[in-house]
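Have a look at the structure below before the remarks.
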Amino acid sequence: TAINHSDEENVREGTAILEGRDAEEEDDDEEETKRHDPTAARLEQVSLHDDVCAAITALSKWLGAVDDSQARILFECRALENLHAGVLRSRGAERDDIRTKLASFFSLALRHSSIARPEAAVSALASTALEVASLGEGGSGNGAPLGEAGTAAVAGRLAAIARSVCLGGQSGRDPAVLASLEKLTAERLAEPTVGPSDPTWVQYIFKQRETQREAVLLHQSLCGASPRSGLMPVGSERDDKRLLQLMDTGGETASQRDSRQANASAESDLRSAAARAELDECCRHEQQLRERRAELVAQLGQVEEDIKVSEERRRFLEMSVKQLQQASAASTTTSREPAASSSQSRVRNERLVELLRNLEASVASASSSREGVSVDARYLECLQMYLASVRDCSGVLRERLDKNRDDQGSLRQESAEYRALGIEEYCKKLDGRVAELERFAIEDEHALSVVESEAGGAYRSFKAHWPQHAGSLELTELEVLASSLGLGD
């Protein structure tokens, strides 16, 4: 669809912002640019443009004019979240144009990518975003609209998937990281092998662990498994449940909902109590008037008029109390129901999560690197060597801890025997030795915790990378090593 005159003006406006020509930019964004990269701030500003098509076009022009290192700024800032939120707020008439422009945008983003099938990833990213937008607007059996909280959550998930593809496609090619890995490998091969009987065995295995850990971290940065790579974790079952809950509740936490319902119930109870008290007072007043009527027959006319007024007031208050009680009962019943607007909204939200899962599977399949198998195989081999070295270090520490505890027990028993004989001076020496051993034990326990914790982190990072190569690598040995260290699910 051709861009009309208004669209062209919006595109020019967005492009001008990116080039730093917006006359009001310095005043409006002064505080923001202090906290962010100026280019990232401008990209985020453009992504918030009311005209989504114009925003996509402006970002595409910028993306086509920069190299890969500058393009990362776009993928690492909040522009993708803002852009997807705008897509989700769009309506049917403009979505065909948005689909075309999104496809063009992602094609530019992946133009230098190393992934095997970038065109499949582009198609999946563009079409799923529009399908999610269609479901999210509600109606036609899809329940109520998503709302701001649900829109923000779904936009964040879509942006995370897009970010993982756009940044992941550039992974595995950092010359500095590859050079560092080659250097570590050369140093490891040049290191003479030391066996358990050698006096330097303990120092050797701990040095090997440090070297292998450094190599694993480098592989993580190559494969996009490290948090420092800018990739966001996506697709866990816990994420799905959290996203569904957020869409169902409109962003309101359970504690906030309970607090709101408790406040509403308390307020209703207060109003009911006040109305009941006023009713009781009215009834007492009516009774007093009736008694006065009996005593003051001479003034019957006025009293009868007062009685009529009181009766009208009583009937009004009785109706008010009944209505308040009904409202309180309805509020209590409502508080027990799910926060979702309807069962249709729940079904729609589950469909949205299913679409996002399918998108992740599609882009994961499309994003397997042409050189990914060999990169992943080296990563796997490196991690297996690292876990093997951790297993050796862990074994040494545990063995030393066991011996330490045994020695402490023997020394305490010996101390008790000498103390029974009244030889206190020697007992003090034994107690000092026990205290020293206890300090050593605490140090070893801390070292063991650190060693196994770091290994667990490396293993979990690799697991997050599994979907890209689970079908091409043999992971049995790695899983056995992880199980021996207690690093299972």
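The values are calculated or read from the model by the stated rules, or taken from the named source; none is laboratory data. None of these values were measured; they are calculated from a predicted model. Cβ placement follows ideal geometry from the backbone for every residue including glycine, while neighbour counts extend to all protein chains displayed. Protein only, heavy atoms only, side chains kept; ligands, DNA and RNA dropped before computing areas. Shrake-Rupley method; radii C 1.70, N 1.55, O 1.52, S 1.80 Å.
Data overview
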read-out: Where trypsin sites (Lys or Arg not before Pro) fall in DSSP loop in the range 38-117, at most 15 other Cβ within 10 Å; value: ARG91, ARG111
read-out: Extension gain from THR193 to GLU454, taking 0.36 nm per residue of separation minus the Cα-Cα distance; value: 91.5 nm
read-out: Label-point separation in nm, ASP67 to LYS308, each point 7 Å along Cα→Cβ; value: 9.6 nm
read-out: Residues with amide H under 5 Å from that of HIS49, placed H, sequence gap 5 or more; value: none
read-out: With all protein chains modelled, accessible area of THR476 [1.4 Å, Å²]; value: 80 Å²
read-out: Cross-link partners of LYS403 among lysines (Cα-Cα below 27 Å; sequence separation of 8 or more within a chain); value: LYS207, LYS428, LYS429
read-out: Extended-chain gain in nm, criterion 0.36 nm per residue less alpha-carbon gap, ALA377 and ASP96; value: 97.0 nm
read-out: Using a Förster distance of 45 Å, the FRET efficiency for LEU296-GLU148 (Cβ separation, nearest 0.05); value: 0.10
read-out: Under 23 Å from the Cα of LYS463 - lysines, other chains or at least 8 residues apart; value: LYS241
read-out: Partner lysines for LYS61 [C-alpha distance under 20 Å; skip if fewer than 8 residues away on the same chain]; value: LYS101
read-out: Linear extension gain, GLU414 paired with ALA435, 0.36 nm per residue minus alpha-carbon span; value: 6.1 nm
read-out: Alpha carbon centroid spacing (whole Å) that separates the range 41-75 from the range 388-426; value: 65 Å
